[in-house]
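Worksheet: one structure, shown below.
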Amino acid sequence: MASVECKVLGIVDVEKLAEVEEAVQSMTVLEGWPKEVHRVQMRAEGRQTLEVVRNWKAVGCTTVVPPQNVALRQESEPMRGAPAQAHAAEVRTVVECECDPEDDVQGFLETLGYVVTCASVRRGTVYHLRLSSTQLPVEVFVYRLHKVLDSQNATRIEEFAPNFAVVEALVRCEEGKKMEASPAIAALRDKLAGVVALKKPQEMLR
């Protein structure tokens, strides 16, 4: 299924993590839960990059129970030009295919010539917010990032930056509504400005 994702990111010192979560929780939270995401990026010569994404509604359970869902994911390049500059977030088209959690999707891709280029585990809390009745809902994921030392074993991990956490704000929508996501992202960015600076991912690389 194809959709559009509008995303901004922020980095925060772990000492301010409670302050960030308190600020998020002060908004209209539709729902929230602990979340763990295991992402494996894979490439093959002459083919587009694919990502195997496994999600758990819990933290620290990657080998205890199977994931709630598994998806095969492909992202486009970010939107460019004047519309991209006017948008409050980075905009990409994403195609995801839901897979059976019991299937070895990574192993299947390896038989097709794909190799693992990056693997990570993200552990934290996700919140679904609606900042106003006229704006699209926003998903905020506050997490600690870990690198996977063995792509075949997600329990062998090491925290990437122990003193920092990531704040990811995301709006998922249809292609025709991508510009409607901008006010929601901008409003969230303003509300959290005192505790974390949310930026487009490419801006953080400058």
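The values are calculated or read from the model by the stated rules, or taken from the named source; none is laboratory data. Here the structure is a predicted model, which is why all the values come from computation and not from measurement. All Cβ positions, even for glycine, are placed from backbone atoms using ideal geometry, and neighbour counts span all protein chains on display. Please note that ligands, DNA and RNA were not included when accessible areas were found on the heavy atoms of the full protein model with its side chains. Shrake-Rupley method; radii C 1.70, N 1.55, O 1.52, S 1.80 Å.
So with the 1.4 Å probe, I'd like the accessible area per residue for the range 1-153, rounded to whole Å².
On the way: 7970 Å² over 153 residues.
Averaged over the residues of the range 1-153, the accessible area is 52 Å².
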Calculate the dipole size of the chain relative to its Cα centre from +1 charges on Lys and Arg beta carbons and -1 charges on Asp and Glu beta carbons; express the result in debye to the nearest 20. 500
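Order 104-111, 166-173 from most to least packed using the mean count of other Cβ atoms within 10 Å. Numbers along the way, then the final one.
Working: 104-111: 14.6, 166-173: 20.8.
In decreasing order of mean packing, 104-111, 166-173 become 166-173, 104-111.
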When only alpha-carbon atoms count, how far does the range 1-94 stretch along each of its three principal axes, as whole angstroms with the largest first? 43, 41, 26
Report the Cα centroid-to-centroid distance between the range 66-132 and the range 133-206 in angstrom, as an integer. 12
Excluding ligands, DNA and RNA, the carbon-plus-sulfur percentage of the accessible area of the range 52-206 with a 1.4 Å probe reads 51
Reachable lysines, given that their alpha-carbon falls under 24 Å from the alpha-carbon of Lys177 and they are not under 8 places away in the same chain: Lys7, Lys191, Lys199, Lys200
If every alpha-carbon in the range 86-206 counts as one equal scatterer, what log10 I(q)/I(0) does Debye give at q = 0.10, 0.15, 0.17, 0.22 1/Å? -0.43, -0.91, -1.08, -1.31
